[in-house]
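Down below is the structure, laid out as structure tokens.
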Amino acid sequence: MIKDRKPLNKDGLRYENELMRHKVLDVVGDLYLAGFPIIGQYKGFKTGHYITNNLLKELFKSEDNYLIHQIH
């Protein structure tokens, strides 16, 4: 967790890019909740669970937005 632009854990960050790693894992987990493998490209800026959830809502709002393929 970060407060005042500093990590709260006493040892600091484990990796230089730990915050980015966390964001990527968050997005992957959120997209996994779609229930289908997603083949596509994701570009995010200041993303979070709320934004990714809204992206999925918009995606699945209309069947014109996506195609589901059976993989054998």
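Bear in mind these aren't lab numbers, they're just calculated from the coordinates by the rules spelled out. All of these numbers come straight from a predicted model, not from anything done at the bench. We place every Cβ from the backbone using ideal geometry, glycine too, and count neighbours over all the protein chains shown.
Some observations on this one:
- With respect to the chain, whose longest principal axis is taken over its alpha-carbon atoms, helix 49-61 is tilted by about 10°.
- Under the combined filter of DSSP loop state and at most 14 neighbouring Cβ atoms within 10 Å, segment 1-67 retains these GluC sites (Glu not before Pro): E16.
- With respect to the chain, whose longest principal axis is taken over its alpha-carbon atoms, helix 18-32 is tilted by about 20°.
- Semi-axes of the equivalent ellipsoid for the chain, Cα gyration tensor, largest first, Å: 32, 13, 9
- Only one residue of F60, G40, Y50 has its Cα farthest out toward the positive end of the dipole of the chain, where Lys and Arg carry +1 and Asp and Glu -1 on Cβ, and that residue is Y50.
- At most 15 other Cβ within 10 Å, DSSP loop - chymotrypsin sites (Phe, Trp or Tyr not before Pro), the chain: Y15, Y42, F45, Y66
- Compared with the alpha-carbon gap, the fully stretched path from Y50 to K10 is longer by 11.5 nm at 0.36 nm per residue.
- Longest DSSP-loop-exposure-free segment, trypsin sites (Lys or Arg not before Pro), the chain, at most 14 other Cβ within 10 Å: 15-42
- Between K3 and S62, the contour length at 0.36 nm per residue exceeds the alpha carbon distance by 17.3 nm.
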